[in-house]
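Below: one structure, written as structure tokens.
The values are calculated or read from the model by the stated rules, or taken from the named source; none is laboratory data. Computed from a predicted model, the values in this text were never measured in an experiment. Neighbour counts run over all protein chains shown; Cβ positions are idealised from the backbone, glycine included.
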Amino acid sequence: MRAGDGTGSVAAIELRGVTKRFVNPAGHAFTALRDLDLTVAPGEFCAIVGPTGCGKSTTLALISGLEPPSRGEVRVLGHPVHGVERSAGYMFQRDAIFPWKNVLDNVAVGPRFRGVGRSDAESRAREWVVRVGLAGFERYYPHQLSGGMRKRVALAQTLINGPRVLLMDEPFSALDVQTRLLMENELLDLWSTTGASVAFVTHDLEEAIALSDRVVVITAGPGTVKGEYRVDIPRPRSIAEVRFEPRFVELYEEIWKDLRDEVLVSYERTKHSVAS
Amino acid sequence: MGGLERASGDQDAVRARAHARRRLLVFALRIGLGVFILASWEALTSLRCEGKDTATCVIDPFFFGKPSGIWAQLVTWARNGTAQGPLWEQIVVTLEETVLGFLIGVALGIVFGVVLGRSRMLSDVLGPYIKALNAMPRVVLGSIFTIALGLEMPSKVALAVVLVFFVVFFNAFQGVREVDRDLVANARILGADERRLFTDVVLPSALSWIIASLHTSLGFALVGAIVGEYLGARQGIGLMIATAQGSFNSNGVYAAMLILAVIAILAEALVTRLESVLIRWRPNAITDVTI
Ligand SMILES: Nc1ncnc2c1ncn2[C@@H]1O[C@H](COP(=O)(O)OP(=O)(O)OP(=O)(O)O)[C@@H](O)[C@H]1O
Ligand SMILES: [Mg+2]
């Protein structure tokens, strides 16, 4: 029902023939992405996996409008992206909550930036703080929180704006296994009530399959789509248990074959550049 | 369970006691060191003195002063006033110059630092000049200010401003430049326009750098005021030092230094308080940028 089966409707995220070049510190042009095509249907949870440095973060930056593509087209909810995309929420790979704001102010900052009054924004923030399980920590500053708690703050900060498109860049990779399982379950719960479309970057294939409707494998840089796999495991899923389902294991083996080749390519390259 | 807790509680108590003992020891040693230095100073400048000829003492108190003499000088100043008026008036004058110079210098430093930090063009154009000005030993400007602005307060304030300005300027500039790119990106995504980006991200992030510079700048403000007074003034602690020097009164110089030290310590405590109020969110301080 949820996964992008509405063929007639407009895609939530659409990248067509996107190439992204950077000028690296040495002054040379460096191609991070080449001819990337990617579509995420409305309400779909799409996981993106690929070896390190293949351009996953870059892809999200393009969708969010923080970076323009060098070639090709990026569309969100049907319209071309020009400048920062207002309907997008973005959880960054690194901690990006504001260290000088306490938990409540950090969560309230999105509505405040978008012109909501202080008391309105604060009461909405209070609800979100409770929803991500941080009740009682409203007045804490980020440095007084654990890594997992900071991720919760970031999650609330992102979701409070009600993004139609949710971009997440390895949001849980720095967490321990137990916290991570909890957060993944919570994410699925929160997501199922919002109906947002998600592009979820991870290098953990298990996480990708457990969470998503579809897994996209990106090649070693310059990144382009190597394969796409529909995850036909019914929802609601329990993240802890889904890993033992036969279908999950099957999918894992299938996707891993694709991914492993790319990881090896990327690894060989790093070894070479270190050796030379 | 209970036993375990008691045991760890006992250990905590033992640790706390050891800690308290150590603090007491440090305190006692500190006092002891001070007393030892003062006593040896007093003794060496009093020992084997023959009559009025101070040169015969182990250490000549004419050059090196004498704790009892310094104390006597302080008492005299407090009771009878200094050559240029009551002691408290000298202190107030110097404080006024310091605080004014500090405030103006900090304000200018922040404004210029933030503006140049935000504008590539301006900083590229003005950069070399600022570096050149900074490389110059700015204390010599004191002479210019004394000539141009006279013996009253403005010349001292001007020198303090110049000294403070550069410290704050470089910190503010660096602070604006060092804003975390991820934080900026996050604020943009969350909906910040340029104005909110500045007030909610750039400024708070630069603030910790600016505040780190306040310790040094307050010291510099005091130096500016004192040197300014020393170069020419009608009132102030700097003038007291100059006067004492002119009459070969080494006890007077040390006594004035003592007053300055007390002022500096109090000011430092004030800035530390200000710091902890302004940046509660930070676990530990950024160290100052040295120039
Ligand atoms: N601003 C930039 N300037 C220059 N090169 C960049 C820039 N951003 C990314 N790159 C380069 O583009 C490539 C892809 O980077 P990206 O961050 O998208 O990788 P990634 O797939 O997210 O990797 P990881 O899994 O390690 O996070 C890298 O080689 C990186 O060096
Ligand atoms: Mg990345």
Q) Out of B:Trp77, B:Trp71, B:Trp88, B:Trp41, which single residue is surrounded by 11 or more Cβ atoms within 10 Å (Cβ to Cβ), part of a helix (DSSP H, G or I) and outside the structural domain of B:Leu266 (by TED's automatic domain parsing)? A) B:Trp41
Q: Quickly run through region A:94-123 and pick out the residues that are surrounded by fewer than 17 Cβ atoms within 10 Å (Cβ to Cβ) and either outside any loop (DSSP other than H, G, I, E, B) or in contact with a Ser or Thr (Cβ under 9 Å, 6 or more places away or on another chain) (or both).
A: A:Arg118, A:Ser119, A:Asp120, A:Ser123
(Q) Anything in region B:174-194 that is in a helix (DSSP H, G or I), surrounded by fewer than 18 Cβ atoms within 10 Å (Cβ to Cβ) and either in contact with a Pro (Cβ under 9 Å, 6 or more places away or on another chain) or at the interface with another protein chain (Cβ under 10 Å from one of its Cβ atoms) (or both)? List them, or say none. (A) B:Arg181, B:Asp182, B:Val184
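Go through A:Leu33, A:Leu15 for me and flag whichever is within 14 Å of ligand 2 (Cβ to nearest atom) and in a strand (DSSP E or B).
A:Leu33 is the lone residue from the list that is within 14 Å of ligand 2 (Cβ to nearest atom) and in a strand (DSSP E or B).
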Q. When only residues in region A:140-173 that are within 14 Å of another protein chain (Cβ to nearest Cβ), farther than 17 Å from A:Val107 by Cβ and touching a helix residue (DSSP H, G or I) at 6+ places or on another chain (Cβ under 6 Å) count, which is farthest from ligand 1 (Cβ to nearest atom)?
A. A:Leu167
Q) Yes or no: B:Leu239 surrounded by 18 or more Cβ atoms within 10 Å (Cβ to Cβ) and either acidic (Asp, Glu) or away from every other protein chain (no Cβ under 11 Å) (or both)? A) yes
Q. Among the residues of region A:160-179, is there at least one that is surrounded by fewer than 17 Cβ atoms within 10 Å (Cβ to Cβ) and within 16 Å of ligand 2 (Cβ to nearest atom)?
A. yes
(Q) Going residue by residue through region A:207-219, is there one that turns out to be within 16 Å of ligand 1 (Cβ to nearest atom), assigned to a helix (DSSP H, G or I) and of a type in the set (D, E, K, R)? (A) yes
Q. Between residues in region A:46-57 that are in contact (Cβ under 8 Å) with a residue 12 or more places away in the chain and over 19 Å from A:Ala12 (Cα atoms) and residues that are near ligand 2 (Cβ under 8 Å from one of its atoms) and of a type outside the set (S, T, N, Q), which pairs lie under 6 Å by C-beta distance while being six or more apart or on different chains?
A. A:Gly50/A:Lys56
Q. When B:Cys49 is evaluated against the numbered criteria (1) surrounded by 13 or more Cβ atoms within 10 Å (Cβ to Cβ); (2) on the phi < 0 side of the Ramachandran plot; (3) assigned by TED's automatic domain parsing to the domain that holds B:Gly232, which criterion, by number, is the only one it fails?
A. (3)
Q) If you go through region A:21-55 one residue at a time, how many are within 10 Å of ligand 1 (Cβ to nearest atom), over 18 Å from A:Ser273 (Cα atoms) and touching an Asp or Glu at 6+ places or on another chain (Cβ under 7 Å)? A) 1
Q: Go through (1) surrounded by 17 or more Cβ atoms within 10 Å (Cβ to Cβ); (2) of a type outside the set (A, V, I, L, M); (3) more than 8 Å from chain B (Cβ to nearest Cβ) one by one and return the number of the condition A:Gly78 breaks.
A: (1)
(Q) within 11 Å of chain A (Cβ to nearest Cβ), of a type in the set (A, V, I, L, M, F, W, C), under 23 Å from A:Val153 (Cα atoms) and surrounded by 21 or more Cβ atoms within 10 Å (Cβ to Cβ): is that true of B:Val201 in this structure? (A) yes
Q.
Of everything in region A:90-100, what is under 14 Å from B:Ala187 (Cβ atoms) and within 7 Å of chain B (Cβ to nearest Cβ)? Give them in sequence order.
A. A:Tyr90, A:Phe92, A:Ala96, A:Phe98, A:Pro99, A:Trp100
